[in-house]
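Structure first, commentary second.
All of the numbers you see were taken from the coordinates with simple rules; none came from a lab. All values derive from a computational prediction rather than experimental measurement. Every residue, glycine as well, gets a Cβ built from its backbone with ideal geometry; the counts of neighbours run over all protein chains shown.
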Amino acid sequence: MRIGVDLGGTKIEAIVLDDDGAERVRRRIDSPQGSYHATIDAIAGLVSAVAEETDCRKDLGVGIGIPGATSPETGNVKNANSTWLIGHPLDRDLTDALARPVRIANDANCFAVSEATDGAGANYGMVFGIILGTGVGGGIAIDGRTHTGINAIAGEWGHNPLPWPQNGDGVNEHAGPTCYCGKQGCIETFLSGPALSRDYAAAGGAALSASDIAARADTGDALATAAIHRYAHRLARALSSVINILDPDAIIVGGGLSNLSEIYKVVPEMLNRFVFSDVCTTPFLPNKHGDSSGVRGAAWLFPPTTSESA
């Protein structure tokens, strides 16, 4: 069996999987806010509960996805949206609190591993998993295992500038919105859910969520349809740079905006305009496991072996 934990800003979820990927149990609790030690205690209690319920072996490893990364330089958490984690040795403290082996990975990497293991990317060698939601993240899985890079930032395409910025029809992509990272014009500022909402409002629409804009586009609303088209065009440009560098075997889409059905129709066609190739055949696919993909990927951080089986 495998134990996985998804540590989010508002919730902590734990799952136990059989080695074939079948779910044995899943539990979710609210995340403590602003307290590192309360977070440690909450994870320890949740893991203890699911392990006891499924009679897991006491030395079974726990994979944990976090909204950040572990610095190879210091061993402490960096780049975390849950800022109270930053600067702490989370993996070591959780190993002590859980009395189990612990492996920590970025949550987007966990998503990529999940989809590469038994999801939409299961038949592909290198999978680039992208998260299109409140932010824009990405993770790389090679043969089902996460690739983090020497700086632990592999896949962070959302904090590169949007390629080939355009002007026209009241849109000035050259200026670009300011990103929380301190730079301007990051891909995240164009492709997140809040970015789609801002773009729609700037074009004369009401203040709507991304899902509401998509719903209006489905009814033929001209402003909403134009906003979705601009979004897809930006997405194709942003992904073309990833393809030019990585040339992954498949791109799997997660996050709330993965439900925009239109992008699966138009983005593959648009990629042909921007990718440095005579033709781009990269599969561009919706995820299989939905919002459970991250916690499943965390569980798969410990690859199944005979010696580790429960």
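How high is the relative contact order of the stretch 122-287, given as a whole-number percent (alpha carbon pairs under 8 Å, six or more residues apart)?
Computed value for the stretch 122-287: 23 percent relative contact order.
Take Ser261, Ser240 and order them by how many other Cβ atoms sit within 10 Å, fewest up front.
Final ranking by Cβ density, sparse to dense: Ser261, Ser240.
Quick one: putting +1 on the C-beta of Lys and Arg, -1 on the C-beta of Asp and Glu, what dipole do you get for the chain around its Cα centre, in Debye to the nearest 20?
Value, rounded to 20: 420 debye.
For the stretch 178-310, what is the Kirkwood hydrodynamic radius in Å, using each pair of distinct C-alpha atoms?
16.7
Using the alpha-carbon centroid of each, what span in Å lies between the stretch 127-149 and the stretch 12-39?
Using only Cα atoms, the two centres lie 20 Å from each other.
Quick check: the angle from helix 36-54's long axis to the longest principal axis of the chain, C-alpha only, nearest 10 degrees?
Rounded to the nearest ten degrees, it is 70.
If you restrict to DSSP beta bridges whose two residues both lie in the stretch 122-287, what percentage is antiparallel, to the nearest 5?
Of those bridges, close to 65 percent are antiparallel.
Ranked highest first by the average count of other Cβ atoms within 10 Å around their residues, in what order do 218-227, 134-143 fall?
134-143, 218-227
Note the listed values (i) 61, 45, 37; (ii) 54, 46, 37; (iii) 61, 40, 40, then indicate which one is Cα extents along the principal axes in Å calculated from this particular structure.
Entry (iii).
Rounded to the nearest 500, what is the 222 nm mean residue ellipticity of the chain from helices alone, with -39500 (n - 2.57) per DSSP H run of 4+ residues and division by all residues?
The per-residue figure over the chain is -11000 deg cm²/dmol.
Please report, to one decimal in angstroms, the Kirkwood hydrodynamic radius of the stretch 128-188 built from all distinct Cα-Cα pairs.
Roughly 13.1 Å, rounded to one decimal.
Explain nothing, just the number: dipole magnitude of the stretch 122-287 about its Cα centre with +1 on each Lys and Arg Cβ and -1 on each Asp and Glu Cβ, in debye rounded to the nearest 20.
Using Cβ point charges on Lys, Arg, Asp and Glu, the stretch 122-287 gives about 220 debye.
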